[in-house]
Amino acid sequence: MNCEQIMRLISGYLDDDIDALMKDMLERHLEECERCLSMLRTMERTISFSREMNRRRKVPGKVMNRVYYEIRIRYRK
């Protein structure tokens, strides 16, 4: 596999949404390619940071109620 193919698979890899053969090929490539490994690590840190930021924020109750109300209206149609 080349780096371009790996870049297309990284998201699926992080989501554990690729088959075992593709995962194995990607992991072998990562053992040899510092550039792709760096991209994977950067994406992992970005996801982790994003999750942490979202845990700290609470959605105001008024917003939650409004979203719930809008969803109910739209799906009743």
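The table for this structure:
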{"quantity": "The range 38-77, subset under 16 Å from the mean Cα position of the chain (by Cα) and aliphatic (A, V, I, L, M), residue farthest from Ile6 (Cα to Cα)", "calculated": "Met53"}
{"quantity": "Wholly within the range 1-76, helices (runs of 4 or more DSSP H) carrying at least 3 residues that are surrounded by 12 or more Cβ atoms within 10 Å (Cβ to Cβ) and of a type outside the set (Val, Ile, Thr)", "calculated": "3-14, 20-32, 34-56"}
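Where a number appears in this text, it was derived from the coordinates with a stated rule and is not lab data. This is a predicted model, so every value here is computed, not measured. Here the Cβ is made from the backbone with ideal geometry for all residues, glycine too, and neighbour counts use every protein chain on show.
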